[in-house]
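First the structure, in the form of structure tokens, and then the observations on it.
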Amino acid sequence: MKDRLASGQPMRRGDPLFRELFEHHARVNMQIEDVPGGVRVRQTSDAPQIVLLIRQHAHAAVSEFVEIGPDRERRPTPLPESYQRR
């Protein structure tokens, strides 16, 4: 996802959250660090509205995928309630 986000190559276009994240890909910074037993991913932005998208992705997409598994991919991820589209 890091490479696709960096280059603006969308994925999961039918998912509202992913669509919005990729629309604003230039405002998302992602660092990946190898740690014992896996990796640590840190996503940041200088834009408060983009931070809402990043947090929604971490909670509703990534955490649920870890908990539920591949079936989670079939469900769309809603935009955060307080997110304001521009």
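Structural remarks
- Chain lengthening between A58 and A6 when straightened (0.36 nm per residue, less Cα-Cα): 17.0 nm
- In the chain, GluC sites (Glu not before Pro) in a DSSP loop with at most 15 other beta-carbon atoms within 10 Å: E81
- Net length available on complete extension from M30 to R75 is 13.8 nm, with 0.36 nm assigned per residue and the Cα-Cα distance removed.
- Highest GNM mean-square fluctuation among V41, V62, V28, for the chain modelled with Cα contacts below 10 Å: V41.
- Checking every one of the trypsin sites (Lys or Arg not before Pro) in segment 1-72 against DSSP loop status and a limit of 12 other Cβ atoms within 10 Å picks out R13.
- Percentage, to the nearest whole number, of Cα pairs in the chain over 21 Å apart: 28 percent
- Applying the Karplus relation 6.51 cos²θ - 1.76 cosθ + 1.60 with θ = phi - 60° to segment 8-17 yields 3J(HN,Hα) values of x, 8, x, 9, 6, 4, x, 9, x, 5 Hz, where x marks Gly and Pro.
Bear in mind that the values in this text are calculations on the coordinates, not laboratory data. Bear in mind the structure is a predicted one, so any value in this text is a computation, not a measurement. Using ideal geometry, Cβ is built from the backbone for each residue, glycine included, and neighbour counts are taken over all protein chains shown.
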